[in-house]
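Chemist: Have a look at this one before I ask anything.
The values are calculated or read from the model by the stated rules, or taken from the named source; none is laboratory data. Model, not experiment: these values are computed from the prediction. Because the Cβ atoms are built from the backbone with ideal geometry, glycine has one as well, and the counts that use them run over all protein chains shown.
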Amino acid sequence: MRASKRISISQFLAMLREAEQATSIARICRRQGISASTFRRWRKRFAPGTETGRHLLDENRRLKRHVTSLTIEKFMLQCIIRRKP
């Protein structure tokens, strides 16, 4: 089984440029070692000019951190309430 391989953003953008120049998606994917469905999914999700992009992932990451801090605060307050006589 092949070990997972991470593709950098610059590599992905280069793949997008190749696809725009009418290079076969199958050929690009074969060269990079990914499936065509993976390429299409990444293009839909991360391509420049799409609404779902890196900024949404960053916002999601920020919101997850915020939820985590609020959960910790809630837990601490519950512990304080339990200790009061």
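Chemist: Which of the residues that make up segment 2-38 are within 19 Å of Leu56 (Cα to Cα) and not hydroxyl-bearing (Ser, Thr, Tyr)?
Modeler: The answer is Ile9, Phe12, Leu13.
Chemist: Any idea how many residues of segment 40-85 are of a type in the set (Val, Ile, Thr) and either modelled with pLDDT under 85 or under 30 Å from Ser8 (Cβ atoms) (or both)?
Modeler: 4
Chemist: Also: Just a yes or no: is a residue in segment 14-32 modelled with pLDDT under 80 and either of a type in the set (A, V, I, L, M, F, W, C) or assigned to a helix (DSSP H, G or I) (or both)? Outline the logic, then answer.
Modeler: First, pick out the residues of segment 14-32 that are modelled with pLDDT under 80: 22-23.
Cutting the leftovers down to either of a type in the set (A, V, I, L, M, F, W, C) or assigned to a helix (DSSP H, G or I) (or both) gives us 22.
There is at least one residue in segment 14-32 that is modelled with pLDDT under 80 and either of a type in the set (A, V, I, L, M, F, W, C) or assigned to a helix (DSSP H, G or I) (or both).
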